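Structure, as structure tokens:
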Amino acid sequence: MRGSTPATREGGFDLRDSDPFVDAFPGLRAAFDGPSMASALGDALGVGVVACEPREALFEPDGYCMVRCRATLERGDQVLIGARLFRDAGAAEAFRVDALEQPAADLDGRPHRPPVPVLAATLPALAIAVAVFPVDGELPTLVRVTDPDETASLLDRALPAVTGPYRVAAAQYGRRRRCALRFEAGAPRVSAVAYGKVVNDGSGGQTRALTDALLHAGAEFDVPPVLVDRPELGLTVLGAIPGAPRVAQLLKARVRETETPPDSPALEEAVARCGRIAATVHRVELPLGPSRSLDGEIAPLHDAIDVVRAYTPELAARIEPAMLSAESRSAGTETMAEATAHGDFSYTQILFSGDRYGLVDYDGACRAEPGLDLGHFLAYLRFAMVKAAGVEAPRFAPLGDALEAVFLDGYRSAGGVADRAVEERVHAYEIVSLLRLAVHAWQKMKPQRLRNILAALDARCAVTT
């Protein structure tokens with residue numbers, strides 16, 4: 001019922017339960033209501049839509065909210081819809097005209113044009129602008145990059161043994177201004193898979209620089225080669241490497257006493273390998289910029305918490321003590337010497353296949369204190385522990401502490417510096433990463449994920465008090 005605060009809804013702090021947020025975006029409830037959205041899309045796109053499933057969501061404080069939906073058409077085709085929610089219909093229509101009209105026109109006549117008469121439209125009553133993938137107002141080159149003919153021209157030279165046609169699909173599309181793609185081609189006997197990322201911030205150059213440096217240095221782990229680097233398209237395509245992320249699965253199996261995934265190392269060995277990978281990255285000499293500092297990581301969180309306070313003040317009050325802890329530790333610990341950093345180092349980026357393991361996703365590469373990567377990894381590891389253990393997470397706190405030690409021992413064994421003073425600095429970065437994860441979960445309207453992150457944050461602050 002209206003008038004309830006987010007804290008009364010099982011502590012989830014869900015934006016969809018915030019009256020000020022619902023009042024700010026008149027189309028919010030409809031965007032998460034499958035039948036309502038299916039009806040509205042059918043009218044706007046000129047095609048029968050029999051079902052609409054809301055998927056990723058993201059609130060951006062600069063004035064809009066994004067919801068991606070999977071729509072099923074009458075003929076059985078499925079299309080991906082990007083719905084951008086505004087505060088009024090005028091803003092939605094302006095976005096359609098300014099950002100969506102041209103890429104929609106560019107898609108007309110291409111072989112991969114989705115089977116809908118209208119590719120971009122406004123839902124005035126809901127103040128929503130919608131576009132059918134690959135039309136994207138912030139990534140207009142997606143229209144070209146997902147074209148099978150253009151894909152063939154891009155990849156044929158990089159994969160000469162593979163025969164087309166190429167199939168392109170969105171692999172990860174939940175974030176703003178970037179889209180990860182999966183490229184697959186070839187007959188069953190001669191086939192290939194590659195992964196690309198389209199961004200609009202120029203980070204593809206960082207990917208090539210770091211992967212080339214690691215390959216040249218003879219890294220003991222697999223590094224995907226850059227197959228295509230097209231800055232004018234915002235596109236970088238990397239070859240596939242074997243394996244899959246395993247740390248979270250191994251942790252879950254340990255906590256729940258179930259069988260481990262096949263073709264996987266032991267949990268402690270997997271975590272130690274992650275530490276060795278981090279040390280290898282940090283040893284690479286690479287003048288990447290810009291630099292990222294701990295103070296620079298903390299500063300945006302103040303603005304983010306102010307936005308949280310405007311819609312869910314209880315959540316802001318919940319995380320502010322951790323913010324104070326991070327600031328205190330930043331001021332009370334010695335800065336580490338800057339090094340090459342991965343920039344988004346977590347167990348999700350490390351793939352395992354038997355005795356082989358590798359690192360992916362290099363577009364966040366930068367110069368930073370090693371604590372940036374180490375703290376981020378430990379934040380994800382603590383979150384994975386809480387997620388796996390649920391209400392029994394406190395009982396498994398010793399396992400989390402032991403795995404932290406294993407990770408840092410692995411880092412030291414490969415030449416990384418991580419003495420007691422350094423670990424204090426790493427813990428500050430870990431708290432900052434958990435705070436950022438909490439804000440992102442709130443922005444993405446994932447209340448269960450947010451609850452798990454808050455529990456991980458409580459555990460981290462408790463052991464560092």
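Out of all the residues in region 415-433, is one or more under 17 Å from R309 (Cα atoms), open to solvent by less than 50 Å² (accessible area, probe 1.4 Å) and of a type outside the set (S, T, Y)? No, region 415-433 has no match at all. When A270 is tested against the conditions (1) more than 24 Å from V426 (Cα to Cα); (2) small (G, A, S); (3) crowded, with 20+ Cβ neighbours inside 10 Å, the lone failure is (1).
In region 247-266, is there at least one residue being of a type in the set (D, E, K, R), over 19 Å from the mean Cα position of the chain (by Cα) and under 19 Å from L359 (Cα atoms)? Yes: one or more hits.
Pairing residues of region 218-234 that are in a strand (DSSP E or B) with residues that are among the acidic types (D, E) and at pLDDT 90 or above, at Cβ distances under 9 Å and at least 6 apart in sequence or on separate chains, gives V226/D212. If you check A248 against the conditions, is it assigned to a strand (DSSP E or B) and either surrounded by 20 or more Cβ atoms within 10 Å (Cβ to Cβ) or modelled with pLDDT of 90 or more (or both)? For A248, the condition - assigned to a strand (DSSP E or B) and either surrounded by 20 or more Cβ atoms within 10 Å (Cβ to Cβ) or modelled with pLDDT of 90 or more (or both) - is not met.
Condition check for A89 on (1) farther than 27 Å from P20 by Cα; (2) surrounded by fewer than 23 Cβ atoms within 10 Å (Cβ to Cβ); (3) small (G, A, S): one failure, at (1). Tell me, which residue of region 180-223 that is closer than 24 Å to A244 by Cβ, open to solvent by 40 Å² or more (accessible area, probe 1.4 Å) and at pLDDT below 85 is nearest to the chain's Cα centre (by Cα)? Result: V193. Taken over region 434-456, the criterion of being open to solvent by less than 40 Å² (accessible area, probe 1.4 Å) and either farther than 15 Å from R382 by Cα or among the hydroxyl-bearing types (S, T, Y) (or both) is satisfied by V439, A441, W442, Q443, M445, P447. The condition (being over 30 Å from R182 (Cβ atoms), without any contact (Cβ under 8 Å) to a residue 60 or more places away in the chain and outside any loop (DSSP other than H, G, I, E, B)) is satisfied by just one residue among A279, A253, A322, A299: A299.
Would you confirm whether any residue within region 369-379 is modelled with pLDDT of 95 or more and not in a helix (DSSP H, G or I)? Yes, region 369-379 contains a residue that is modelled with pLDDT of 95 or more and not in a helix (DSSP H, G or I). Can you find a residue that is modelled with pLDDT under 95, farther than 23 Å from D222 by Cα and buried (at least 21 other Cβ atoms within 10 Å of the Cβ) anywhere in region 346-367? Within region 346-367, none of the residues are modelled with pLDDT under 95, farther than 23 Å from D222 by Cα and buried (at least 21 other Cβ atoms within 10 Å of the Cβ).
For (1) touching a helix residue (DSSP H, G or I) at 6+ places or on another chain (Cβ under 9 Å); (2) crowded, with 18+ Cβ neighbours inside 10 Å; (3) among the basic types (K, R); (4) modelled with pLDDT under 95, each residue gets a yes or a no:
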{"position": "G275", "(1), (2), (3), (4)": "yes, yes, no, no"}
{"position": "H282", "(1), (2), (3), (4)": "yes, yes, no, no"}
{"position": "E285", "(1), (2), (3), (4)": "yes, no, no, yes"}
{"position": "L288", "(1), (2), (3), (4)": "yes, yes, no, yes"}
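The values are calculated or read from the model by the stated rules, or taken from the named source; none is laboratory data. Model, not experiment: these values are computed from the prediction. A quick note on method: Cβ atoms are made from the backbone with ideal geometry, for glycine too, and the neighbour counts reach across all protein chains shown. With ligands, DNA and RNA removed, areas are computed over all heavy atoms of the protein, side chains included. Shrake-Rupley method; radii C 1.70, N 1.55, O 1.52, S 1.80 Å.
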